[in-house]
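K.L.:
I am attaching a structure below and will ask some questions about it afterwards.
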Amino acid sequence: MTQTGNVSGGLALDARSLDALRLQAKQNPEQANKAVAQQFEAVFLQMVLKSMRDATPQDGPTDSDQTRMYTSMLDQQIAQSLSAKGIGLADVMLRQLGRSQTAAPSPAPTPVPSPVTSTPVDAKTSGPVASKDFLSRMKEHAIAASNATGIPAKFLLGHAAFESGWGKGEIRTADGSPSHNLFGIKAGRNWKGATVDVTTTEYVDGAPRKMVQKFRAYASYAEAFKDYASLMQNSPRYAAVLRQSDSAGFAQGLQRAGYATDPRYAEKLTRILNGASMRQTLVA
């Protein structure tokens, strides 16, 4: 029978023993390692005994489901007793656990910007060359959208750069091709065009949560800027955004209108809009 009052005294084969073992791992990692090694040794011994039982005939006149149940319970007790004395397996595991915990940690992998996120890549800089390249490629589309909406081209460029991580975090379709959705615009019930399903980070009551959302997909970047301009013009919720003439006001207007759920959205976007790459592109 499994003991649950003392983790080291019984097999961790029930929920209470497992919970106790988890708690012990937090409070005393070294002692928890010993308990885990002993538990593994006991389970291993029980498996050996079971294999031996299964290899012997079990159709004698005294054999029944009840006798087999009691035999299994006896094997578990034998396994616990043997593991308490130790057969050496737990000691080997304990030494291995100790070495792995004291070894120098491996260098952390270089983070790769996720192409699937509704929380924009917070790129303070994507490298001056990459930033200028993105802005120069999108400048013509931004000017066209600016003429249609009255929103300064700088704001449109900065918003596209922010949402897409300077193009590096652009939402992509299942086959890896670009969706051309630089603004992270979701596909609502009224959207009739192509869509792409992606896992995004949304903030619910201030806490980040992962969820799958449908986003719009376009045939070109020109189409993406045109649709963004249409959204700003035709949605009453963004009426105040159209009237903004400074970076902070534009960013705050988008956040107040509910463009994104990130509580620091306006702050991050303003930093992009006022960054060196934007200034240099406008001068050029």
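K.L.:
Could you look through region 204-247, keep only residues that are of a type in the set (S, T, N, Q) and touching a helix residue (DSSP H, G or I) at 6+ places or on another chain (Cβ under 6 Å), and pick out the one that is surrounded by the fewest Cβ atoms within 10 Å (Cβ to Cβ)?
P.N.:
So the first thing to find is which residues in region 204-247 are of a type in the set (S, T, N, Q), and the list is 213, 220, 230, 233-235, 244-245, 247.
Narrowing further to those that are touching a helix residue (DSSP H, G or I) at 6+ places or on another chain (Cβ under 6 Å): 233, 244, 247.
Details: 233: 15, 244: 17, 247: 21.
It comes out as 233.
K.L.:
Could you check region 189-203 and list, in sequence order, the residues that are in contact (Cβ under 8 Å) with a residue 40 or more places away in the chain, touching a strand residue (DSSP E or B) at 6+ places or on another chain (Cβ under 7 Å) and not charged (D, E, K, R)?
P.N.:
198, 199, 200, 201
K.L.:
Pull out all pairs, ordered by first then second residue, where Cβ-Cβ is under 6 Å, the residues are six or more apart or on different chains, the first lies in region 132-145 and is without any contact (Cβ under 8 Å) to a residue 40 or more places away in the chain, and the second is in a helix (DSSP H, G or I) and of a type outside the set (Asp, Glu).
P.N.:
Close Cβ pairs (under 6 Å, with a partner that is in a helix (DSSP H, G or I) and of a type outside the set (Asp, Glu)) amount to 143/153.
K.L.:
Shifting gears a bit: Find all pairs meeting these conditions: Cβ atoms under 7 angstrom apart; at least six residues apart or on different chains; first residue within region 229-249 and in the same structural domain as residue 162 (by TED's automatic domain parsing); second residue crowded, with 17+ Cβ neighbours inside 10 Å and not in a helix (DSSP H, G or I).
P.N.:
That search, which allows pairs on different chains as well, returns 231/185; 232/151; 242/151.
The values are calculated or read from the model by the stated rules, or taken from the named source; none is laboratory data. All values reported here derive from a predicted model rather than from experimental measurement. All Cβ positions, even for glycine, are placed from backbone atoms using ideal geometry, and neighbour counts span all protein chains on display.
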